Amino acid sequence: MGPGEDEQNATDHSTVYVHNPHLEKMKEDILYHFNLGTSTHDLPATFGDVKFVCVGGSPWRMKSFIEYIAAELALEDPKSEYPNICAGTDRYAMYKVGPVLSVSHGMGIPSISIMLHELIKLLHHAGCTDVTIIRIGTSGGIGLEPGTIVLTKQSVDANFLPKFEQVILGKTVVRSTDLDLGLAEELLQCSKDLSQFETVIGNTMCTMDFYEGQARLDGAFCSYSEKDKQEYLTKAYDAGVCNIEMESSVFAAMCKLSGLRAAVVCVTLLDRLKGDQLTSSHEVLHSYQQRPQILVGHFIKKLMCASAKN
Ligand code: R2B
Ligand code: URA
């Protein structure tokens, strides 16, 4: 059997799947980049109640997200401090309040992929069930007013195809990048409830680079013209691409394999048809970055209130 040939997407969302027979034979599993492990930490006691996982690039933003959620859900004294569960490593930061876990993933596919391997194993070892995972992030929009939120329908590659290619043992394994459309629609409804900002559902292009990979003219290197750039971005727009970022493809692929209900919620910081540089003020960019948090905060609150009533 070759790499990826027996691969099956999990269809049941109740448990968190790992597809690795070697794990069962290991006496201990060290989650190196989290500075956590199955022998050194009681993962079921610490994480067993997790129902919502939010991931985003910056450690600072993921700390501010947990503070926001704690206040929003009135789960704890809003003045309490939330310690970084991954203290002892500066690779990723992790915070928890009640059933909500907030984890940073850094920039780009390799960084989020390492984090997701360890996060999926952590949720699995902890025996978590019915987990929803949401990436909250930033992006460049195509033909959208800056500050618009895009809920990803499918993550597409630089040729606008809905797939993620992973090289395993020198062979290319192709994985699907579909996300949970029902979840995206629930989030769209939350945005309508809030009525604070524009939100759309559309495709997200995931690239390997911020500059040449996203057709920018302002990198250290550029061998194409403004016309070439506009032609490429217009083709992307015609293929249903609403925004561009750098993690959604592997996020969608890995969540699908492990049976996690997943969504990508990214705010657009600029319209790439009009420019490349982020010229808005720090305050404006900061307020845009809070929008995914506000939307996801409302979603979690709505679901928790509904389950408390049942
Ligand atoms: C969005 O923003 C980052 C680049 O500035 C990258 O992590 C992404 O996906
Ligand atoms: N993040 C990206 O990856 N691209 C942008 O243009 C803005 C944020």
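The values are calculated or read from the model by the stated rules, or taken from the named source; none is laboratory data. Not measured: the values here are computed from a predicted model. Reconstructed Cβ throughout: ideal geometry from the backbone, glycine too, with neighbour counts over all protein chains shown. In case anyone asks, the SASA skips ligands and DNA or RNA and just uses the protein heavy atoms, side chains included. Shrake-Rupley method; radii C 1.70, N 1.55, O 1.52, S 1.80 Å.
Values for this structure:
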read-out: Selection count, segment 231-249, where residues are surrounded by 14 or more Cβ atoms within 10 Å (Cβ to Cβ), more than 11 Å from ligand 1 (Cβ to nearest atom) and in a helix (DSSP H, G or I); value: 4
read-out: Flag for VAL200 being closer than 23 Å to ILE294 by Cα and within 16 Å of ligand 2 (Cβ to nearest atom); value: no
read-out: Given (1) farther than 17 Å from PHE34 by Cα; (2) among the polar types (S, T, N, Q); (3) within 16 Å of ligand 1 (Cβ to nearest atom); (4) touching a Ser or Thr at 6+ places or on another chain (Cβ under 7 Å), number of the condition THR129 does not satisfy; value: (3)
read-out: Filter result (within 16 Å of ligand 1 (Cβ to nearest atom) and either open to solvent by 50 Å² or more (accessible area, probe 1.4 Å) or not aromatic (Phe, Trp, Tyr) (or both)) within segment 65-80; value: none
read-out: Selection within segment 250-279 - farther than 27 Å from LEU119 by Cα and within 14 Å of ligand 1 (Cβ to nearest atom); value: LEU269, LEU270, ARG272, ASP276, GLN277, LEU278
read-out: Residue selected from segment 155-172 under the condition touching a residue at least 24 places away in the same chain (Cβ under 8 Å) and polar (S, T, N, Q), by the criterion surrounded by the fewest Cβ atoms within 10 Å (Cβ to Cβ); value: GLN166
read-out: Residue within segment 282-295 that is more than 15 Å from ligand 2 (Cβ to nearest atom), open to solvent by less than 50 Å² (accessible area, probe 1.4 Å), modelled with pLDDT of 95 or more and among the hydrophobic types (A, V, I, L, M, F, W, C) present; value: yes
read-out: Residue within segment 81-102 that is at pLDDT 95 or above, within 16 Å of ligand 2 (Cβ to nearest atom) and open to solvent by 10 Å² or more (accessible area, probe 1.4 Å) present; value: no
read-out: Within segment 209-230, considering residues that are among the hydroxyl-bearing types (Ser, Thr, Tyr) and either within 10 Å of ligand 2 (Cβ to nearest atom) or over 25 Å from SER248 (Cβ atoms) (or both), the one most open to solvent (accessible area, probe 1.4 Å); value: SER223
read-out: Single residue of segment 32-50 satisfying the filter (polar (S, T, N, Q) and touching an Asp or Glu at 6+ places or on another chain (Cβ under 7 Å)) that is nearest to THR132 (Cα to Cα); value: THR38
read-out: Positions within segment 173-195 being over 22 Å from the mean Cα position of the chain (by Cα) and either touching a residue at least 12 places away in the same chain (Cβ under 8 Å) or within 16 Å of ligand 2 (Cβ to nearest atom) (or both), in sequence order; value: ASP193
read-out: Residue in segment 103-117 that is crowded, with 22+ Cβ neighbours inside 10 Å, polar (S, T, N, Q) and within 16 Å of ligand 2 (Cβ to nearest atom) present; value: yes
